[in-house]
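Peer 1: Quick one: structure below, then a few questions.
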């Protein structure tokens, strides 16, 4: 969907019109695209975090065996063709010919097996495929075989999983390191090469077109199809101040702004040189409570906070535009085929919240709220929560930090006195919430699971049953049971959802941003 919003704000403000995306390089004129992304890239290991900025980085540098098209159907990407045995247990995949890594080495089946073997231990959906797998091994340099223990209907959907950690394919030499170490060298086989010598976290990230990349012949669709690159260089300029970023887009200093907030839309919506593009998939806000430490190891304390939360307050503070946001009380998003309000607290009840907190025996334990001060899409969440919990009678401390520091700290299950935390945030693409198989907010594996470390053997039993259930009506029954548990135990607290708007200069054509903003296909008219 594309909508040019007319007017003359840039001229009225004395700003020049958008300039073409051409820059002078050492080899003459080179097409350079400059973009402002939603966050600073701090983690380059594509398997180490669910952070969307790392995922977005991954889609430039790496490639995947399968990818989801605009209709959310898995399509072959690095795979040329594949077969499945009659009993549904054996999948054989053959890679496209001529695939190369950025260091010149050919992509082999051994790289694929090693990458999947490292990835699926770190991903919720991948772990389910791993547990259903009897063997995964190369057949020859271009082919590998996956043999299942029992029929599993989500093999291709798992290999084409779009959300982080994404099953990107890396060289075997990079993934064959100890499990507790991060991958720091960035070498993929994707359409762009990461320029490590120019990487400055907090300043810019630079990519150059990989001349040996061979795109597929199909048209680009979603994250699938031909990744045809029309720019020699892509620069992510890490501009923390969103108004400064919007000004840069308005004047043509940058050509793309990944996420345009409501305040910035006031500047841009009347500028004929800028196109505002609603993304096909929205975002949801969730509060994560730390079950591993007091006070949220106490179910009634968790329930008290959930009972007090008013989604309207969070949406007003964080989004501030009713046309972009809506309350949503479905754990799997209101646009999912599994949307339901079963078990949800539809209206806040502050008096009931106070009673629950008193019944819980809460003993003034400190609640440490992590505040991502530099992340525009989440900067209002902690202040709203601080005010709410203080009113509820809790002992609150807000720790402000940059987003990458928050991502690192929220992995710690330690007590708050030892650098731990009580409340953190999930700012999710609905793409990653629509099914119990991929939604990390219903992960019930405790200390082995997602941050917050919610634990429920019954939740895990239901999710296993869902993965194996072919009947849609029975799937929905399982979803309702899961959601009742999620709300009763307070796995997370939904705070509402909102539309995501990408802005780009009007001369930029064929922008693919239905699911994730990607940098292939787009070109200057």
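The values are calculated or read from the model by the stated rules, or taken from the named source; none is laboratory data. A quick note: this is a predicted structure, and the numbers were derived from the prediction, not measured. Reconstructed Cβ throughout: ideal geometry from the backbone, glycine too, with neighbour counts over all protein chains shown.
Peer 1: Residues being assigned to a loop (DSSP other than H, G, I, E, B) and more than 24 Å from the chain's Cα centre (by Cα): count how many of those fall in the range 72-91.
Peer 2: 5
Peer 1: Exactly one condition in (1) part of a loop (DSSP other than H, G, I, E, B); (2) at pLDDT 95 or above is false for residue 40; which is it?
Peer 2: Every condition holds for residue 40 apart from (2).
Peer 1: Let me ask something else. Is the range 239-248 home to any residue that is surrounded by fewer than 23 Cβ atoms within 10 Å (Cβ to Cβ), within 21 Å of residue 496 (Cβ to Cβ) and not assigned by TED's automatic domain parsing to the domain that holds residue 430?
Peer 2: Scanning the range 239-248, I find at least one residue that is surrounded by fewer than 23 Cβ atoms within 10 Å (Cβ to Cβ), within 21 Å of residue 496 (Cβ to Cβ) and not assigned by TED's automatic domain parsing to the domain that holds residue 430, so the answer is yes.
Peer 1: Taking the options 427, 485, 501, 438, name whichever one is within 22 Å of residue 346 (Cβ to Cβ) and in contact with a helix residue (DSSP H, G or I) (Cβ under 9 Å, 6 or more places away or on another chain).
Peer 2: 485
Peer 1: Something else now. Without any contact (Cβ under 8 Å) to a residue 40 or more places away in the chain, touching a helix residue (DSSP H, G or I) at 6+ places or on another chain (Cβ under 9 Å) and outside any helix (DSSP H, G or I): does that describe residue 322?
Peer 2: Yes, satisfied.
Peer 1: Something else about it: Could you pull out the residue among 430, 399 that is assigned by TED's automatic domain parsing to the domain that holds residue 290 and closer than 24 Å to residue 330 by Cα?
Peer 2: 430
Peer 1: Determine which member of the set 99, 136, 116 is surrounded by fewer than 23 Cβ atoms within 10 Å (Cβ to Cβ), at pLDDT 95 or above and under 26 Å from residue 468 (Cα atoms).
Peer 2: Of the residues listed, the single one that is surrounded by fewer than 23 Cβ atoms within 10 Å (Cβ to Cβ), at pLDDT 95 or above and under 26 Å from residue 468 (Cα atoms) is 136.
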